[in-house]
1. State, to one decimal in nm², a quarter of the convex hull surface area for the C-alpha atoms of region 53-141, i.e. the direction-averaged projected area.
2. Let me see the pair-distance distribution of the chain: every alpha carbon pair, 10 Å bin width, integer percents in order.
3. When the distances between all Cα atoms of region 13-55 are binned every 10 Å from zero, what whole-number percent does each bin get?
4. Quick one: if you stick a label point 7 Å off each Cα along the C-beta vector at Lys35 and Tyr154, how many nm between them?
5. Taking the Cα centre of the chain as origin, work out the dipole magnitude from +1 charges on Lys and Arg Cβ and -1 charges on Asp and Glu Cβ, in debye rounded to 20.
6. Which order do peptides 86-92, 75-81 fall in by mean Cβ count within 10 Å, highest first?
7. Under the Karplus relation 6.51 cos²θ - 1.76 cosθ + 1.60, θ = phi - 60°, what is the ordered set of whole-Hz ³J(HN,Hα) values for region 138-146, x standing for Gly and Pro?
8. Give me the percent of accessible area attributable to carbon and sulfur for the chain, probe 1.4 angstrom.
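The values are calculated or read from the model by the stated rules, or taken from the named source; none is laboratory data. Keep in mind the model is a prediction, meaning the values are calculated, not measured. Cβ sites come from the backbone with ideal geometry, for glycine too, and all protein chains shown count toward neighbours. Heads up: the accessible areas ignore ligands, DNA and RNA and are worked out on the full protein's heavy atoms, side chains in. Shrake-Rupley method; radii C 1.70, N 1.55, O 1.52, S 1.80 Å.
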Amino acid sequence: MEHTGHSFQDMSIDYFECNPFNTIGQDWFAIAVEKDGKVNAMTAGWGGMGVMWGKNVFFIVIRKSRYTHELLESCDRLSVNFFPDKKGRMFLKYIGSVSGRDEDKIKNSRTHIDYDDGVPFIDEAKIVFICKKLSVSPINAEHFIDTQIDPKWYADGDYHDLYIVEAEKFMAR
């Protein structure tokens, strides 16, 4: 059976309401990017949302070892995808446990990619933000004030980069 896609509606960001501590830290989300026709998605459970430079933004952290980091370094736009249901949680667990370097996670998870103005997003999501990169900053041990962060989270030296991305468009179904 051919996949026909879901109906997403463009919405004003004013309609987006959530508790960011639950939505990001407990429910998680997926980041989707594309480079040279190859789409990859990764699960994220760290980050934030707010206002920076007069823009609605997400603060996304991605370890430099992640395949998504490699792809994101060569593109300017991405999607942030939320799945507030049990099926979505299973998808997020799966894509968080395998690497896109080793397999086609989208195909193997039986989910589908759709596009908005050339930006890939996960069609099974309930809420999607189309985003534009604004800045990237490395996270390094010398910047930590709390001395417990480095040994607890970065003992292997695999640090994150902090991306600040503008939420250009909000879609929901």
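1. Numbers: hull surface 28.4 nm².
One quarter of the hull surface, i.e. the mean projection, equals 7.1 nm².
2. 9, 39, 38, 12, 2, 0
3. The distribution over region 13-55 is 23, 39, 32, 6, given as percents.
4. 2.2
5. Values: 21 positive and 27 negative charges, 77 e Å.
Value, rounded to 20: 360 debye.
6. Details: 86-92: 16.1, 75-81: 21.3.
Final packing ranking: 75-81, 86-92.
7. Ordered by residue, 3J(HN,Hα) equals x, 9, 10, 4, 5, 8, 6, 8, 7 Hz.
8. Working: 4780 of 9660 Å².
Carbon with sulfur: 49 percent of the solvent-accessible area.
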